[in-house]
Amino acid sequence: MSSAVQTDFLTIFRERHSVRYFDATYKLNEQEIIELLEIAGSAPSSWNLQHWKFVAFTVAAAKEKLLPIANGQKQVVDASVTVAILGDLEANRNAEAVYGPVIRAGLEDAYAGYSSHQVLFAQIEEAYTVSESSSYRRDEAIRNASLAAMQLMLAAKAHGLDSGPMVGFDADAFVKAFNVPPRYVPVLLVAIGKEAKPARPTSRFPVEQTIIWNGFNPDNIIT
Ligand SMILES: Cc1cc2nc3c(=O)[nH]c(=O)nc-3n(C[C@H](O)[C@H](O)[C@H](O)COP(=O)(O)O)c2cc1C
């Protein structure tokens with residue numbers, strides 16, 4: 001991994017593109033991967049519950065097992081590491097671990113703006129209990145884990161690496177093959193390494209087309 005970290009954020013954002021061909025000879029060591037995942041995990045999350053787990057594929061046998069599950073997308077094998085980002089469907093269970101230290105330290109104002117940790121915990125539990133039959137848990141898992149995935153790709157770019165996100169994989173087969181507990185839902189695969197071939201050029205809609213100032217106008221709905 002390049003030791004020269006790129007800190008010009010605008011360049012990082014603009015130059016990140018989805019690479020699909022990686023240099024299979026380029027290796028990242030465990031410490032370098034940990035560094036990237038540490039930055040990924042600094043993403044924001046609802047109540048700071050940190051709804052993610054990272055399954056890091058580094059060895060050939062595991063990558064080869066992933067290949068058919070990822071629809072034969074060869075980047076999962078050639079990348080230095082392919083990370084499966086999982087979302088936590090039971091992130092309410094993290095509350096104690098997240099807030100325990102500040103409770104024990106008596107930092108009353110550290111409870112995410114709530115009057116006490118009991119009020120905070122009750123609200124978290126209510127959200128997860130009421131939502132048992134709704135899509136809330138899944139929405140939260142995917143929403144929050146996706147933020148970590150985005151940070152992972154930007155962290156890679158900042159370290160002179162390339163990345164490629166993939167939703168083209170069989171989530172059920174992934175769960176079975178890699179013994180994922182029911183608590184977690186596979187969200188995205190991200191291949192990381194050195195590009196062997198540049199990303200395909202892509203464009204974006206003009207920003208004006210993507211902004212709705214102050215709400216949709218009911219008399220002039222854009223379709
Ligand atoms: C959620 C998500 C899923 C994607 N899945 C795949 C995929 O399975 N295979 C692939 O080659 N690219 C995949 N991509 C990459 C997109 O095609 C790419 O981001 C888009 O074309 C814009 O190009 P850029 O990222 O190079 O700017 C995915 C991107 C996202 C955000």
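Radius of gyration over Kirkwood radius for region 104-223, both on Cα atoms: the Rg/Rh ratio is 1.07.
Each of ARG138, ARG20 was scored by other Cβ atoms within 10 Å of its Cβ. Arranged with the fewest first, they read ARG138, ARG20. Relative to the longest principal axis of the Cα atoms of the chain, the long axis of helix 95-104 makes an angle of roughly 60 degrees.
With neighbours defined as other Cβ atoms within 10 Å of a residue's Cβ, the residues LEU161, LEU154 order from fewest to most as LEU154, LEU161.
Summing +1 for each Lys or Arg and -1 for each Asp or Glu among the other residues whose beta-carbon sits under 14 angstrom from that of ASP170 gives +1. Sorted fewest first by neighbouring Cβ atoms within 10 angstrom, ARG16, ARG204 come out as ARG204, ARG16. For ARG143 and TYR26, the difference between the fully extended length at 0.36 nm per residue and the C-alpha to C-alpha distance is 39.0 nm. Using R0 = 35 Å, the C-beta based FRET efficiency linking ARG200 and SER135 works out to 0.60.
Between helix 117-130 and the chain there is an angle of about 70 degrees, using the helix long axis and the longest principal axis of the Cα atoms.
Measure nothing but the geometry: give the 0 to 90° angle between the long axis through the Cα atoms of 60-69 and the longest principal axis through the Cα atoms of the chain, rounded to 10°. Helix 60-69 sits roughly 80 degrees off the main axis of the chain.
Between PHE9 and TRP213, full extension at 0.36 nm per residue minus the direct alpha carbon distance yields a gain of 70.9 nm. With the chain treated as a Gaussian network of Cα nodes joined by springs under 10 Å, which of PHE13, PHE205, PHE22 yields the largest mean-square fluctuation? Its mean-square fluctuation being the largest, the pick is PHE205. Net charge dipole, the chain: roughly 760 debye, given to the nearest 20, about the Cα centre with Cβ charges of +1 for Lys and Arg and -1 for Asp and Glu. Can you give me the Rg/Rh ratio for region 9-210, using Cα atoms for both radii and the Kirkwood formula for Rh? Reported Rg/Rh (Cα atoms, Kirkwood Rh): 1.02.
Counting only residues at least eight positions apart within a chain, or on another chain, the lysines with an alpha carbon under 26 Å from that of LYS65 are LYS27, LYS53, LYS74, LYS176, LYS194, LYS197.
Since every read-out is calculated from the coordinates, none of them should be taken as a lab result. Just so it is clear, the model here is predicted, and its values are computed rather than measured. Because the Cβ atoms are built from the backbone with ideal geometry, glycine has one as well, and the counts that use them run over all protein chains shown.
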